[in-house]
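Visitor: Below is one structure. I have some questions about it.
Any read-out appearing in this document is the output of simple, stated calculations on the displayed coordinates, not a laboratory observation. Computed from a predicted model, the values in this text were never measured in an experiment. So basically every Cβ, Gly included, is an ideal-geometry build from the backbone, and we count neighbours across all protein chains shown.
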Amino acid sequence: MNFLKKLRLQIVALVVVLMTVFLAVMITSVLYWISSSERKKSMCFVEMLVENGGHRPLPDFPPAGNEKKPRRGPPYGSIPEFGRCGSFIIEVKSDDDFRNYFSVLLSSSGGVIEVINDFPLNMTRDEVFVFVRKVLDVANQSPETVKGRKRIGHLDGFVYCVLENLDGTLLVGVVNRRSELSTIFLMTKGAFYVFLFSILFALVISLILSHVIVKPVGGAFQKQRQFIADASHELKTPIAVIGANLDVLLPDMPDNRWLNYIKNENERMGHLVKNLLYLAKNDADRIEMQCSKFDFSSAVTNAILPFESVIFEQQKRLEMDIQEKIEFVGDEHQIKQIAVILVDNAVKNSDEHALIKVSAKVEKEKIVFKVYNTGHGIKKEDLKKIFLRFYRSDVSRARKTGGYGLGLPIAKAVAVAHHGSLYAESEFGQWAEFTLVLPLHSARLRLF
């Protein structure tokens, strides 16, 4: 995945996450406000119901705090079409009324004295008695709210209020909220679908906008890559010419230190141009991979063996633990290049008598290749930066390392091209370890 694709994905992810959070908070807040508001209105109404002797308050019900006793409503058949409690409207058009309510007056011993209802109930009297007993049990055990002599709560889609009268009788007011709860559920369901549609719409729009936003960046990035590629190509010729002239002059003046300086710097420039050209091609997806099945164990071993003499001369110790006959499908030359880069990095960033350990084995259908060395280590804040181009930590800035800051970025690019990963772990001043993880050949055959 190249830089522009990552940038587009970041833009899309940011827009979708912000939209998701905004809609979730807004919809949840609105639904909670509606549910809470309706719940409070129901509790207000049932409380007024028991205060009015079990009857609904009429439209001229006095405001709270007025000492005038509210009058009871007329019997069913002579009541108006609507009753009102504040902004809470009671509609009584049918048996399946939106606010079907009733009250039951009980004696001090628990017997039913009277069932009070202003319009036909959608429950039988036996069902009313059973429900009231259930309400009393629940209210006595765990009342939701206690206000003096009143206990208010919710049960099975009903809101109830139990009033203890001064003469010892109990008045139980009940309001049916099931239709209201069903409506709130439908609203929640509809809001959920609106939420999903909005997220999908935001995803589509953000994809389109991200393409428009990234397009100028892509043009500038493409020009930069083309410049690097063109400059690398143009520099190859003068570097080759300088190298050829040096090959002619050095046999005649082998002890001329100035010519040796020029030769060393020319070789460094040649390696740098080669690496820049590789990265430019990789950015443009123009790297041609020669994929085939090969012996991974043998390839990395052959890539590491030339370092044995260098490690020995620097009085360091090399340990190799490579599992035999690991087969892999990919570009053998590029895999060797990763091994060379990682081992070379370990040699350059380790002190005298340091230990360099290389291992390769198969774990859970993946090839795990590790290069460990004692020595300088890497600072925690530098663990991700070391894979950036031209980045070198302070320890490796010394000219004697001969690094350009391009080896690890190239190794990372090769690992990603092979659908693998490369990461580093370290304890600063103690050790550093680079781990390459690649899928086994069985998975690779499906990818190429």
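Visitor: Tell me which residues come under 5 Å, amide H to amide H, from Ile326 once H is placed; ignore anything under 5 positions away on its chain.
Guide: Distant-sequence amide H within range of Ile326: Phe296, Ser297, Ser298.
Visitor: While we're here: Show the residues, 5+ positions off or on another chain, whose built amide H is closer than 5 Å to the amide H of Arg177.
Guide: Long-range HN contacts for Arg177: Phe158, Val159.
Visitor: Can I ask one more? Quick check on segment 256-341: take the gyration tensor over C-alpha atoms, sort the square-rooted eigenvalues as a ≥ b ≥ c, and tell me if it's rounded (a/c under 1.5), prolate or oblate. List each step's numbers first, then the result.
Guide: Details: a/c = 3.56, a/b = 1.19, b/c = 2.98.
It comes out oblate by the Cα gyration axes.
Visitor: Around Ser292, what is the net charge, scoring Lys/Arg as +1 and Asp/Glu as -1 over all other residues with Cβ under 9 Å from its Cβ? Write out the running numbers ahead of the final one.
Guide: Values: positive: Lys293; negative: Asp331, Glu332.
Result for the neighbourhood of Ser292: -1.
Visitor: Report, in listed order, any pair from Lys281/Lys336; Lys263/Lys384; Lys41/Lys134; Lys263/Lys348 with a Cα-Cα distance greater than 30 Å.
Guide: Numbers: Lys281/Lys336 19 Å; Lys263/Lys384 34 Å; Lys41/Lys134 23 Å; Lys263/Lys348 21 Å.
Beyond 30 Å between Cα atoms: Lys263/Lys384.
Visitor: Which ³J(HN,Hα) values in Hz, rounded to whole numbers, follow from the phi angles of segment 249-263 under the Karplus curve 6.51 cos²θ - 1.76 cosθ + 1.60, where θ = phi - 60° and Gly and Pro get x?
Guide: Running phi through 6.51 cos²θ - 1.76 cosθ + 1.60 with θ = phi - 60° gives 7, 4, x, 7, 10, x, 9, 6, 5, 5, 5, 5, 4, 4, 4 Hz.
Visitor: For every other residue with a beta carbon closer than 14 angstrom to the beta carbon of Ile213, add +1 if it is Lys or Arg and -1 if Asp or Glu, then tell me the sum. Working shown, then result.
Guide: On the way: positive: Lys5, Lys6, Arg8, Lys215; negative: none.
Overall, the nearby charge balance is +4.
Visitor: Let me ask something additional. Please report the spacing between the Cα centers of segment 243-285 and segment 7-25 in Å, no decimals.
Guide: 50
Visitor: List, in order, the whole-Hz ³J(HN,Hα) value for each residue of segment 417-424 obtained from phi through the Karplus relation with A = 6.51, B = -1.76, C = 1.60 and θ = phi - 60°; use x for Gly and Pro.
Guide: 4, 9, 6, x, 9, 9, 9, 10
Visitor: Sequence-distant or interchain residues sharing an amide H contact under 5 Å with Ala354, placed H: which?
Guide: Distant-sequence amide H within range of Ala354: Arg317.
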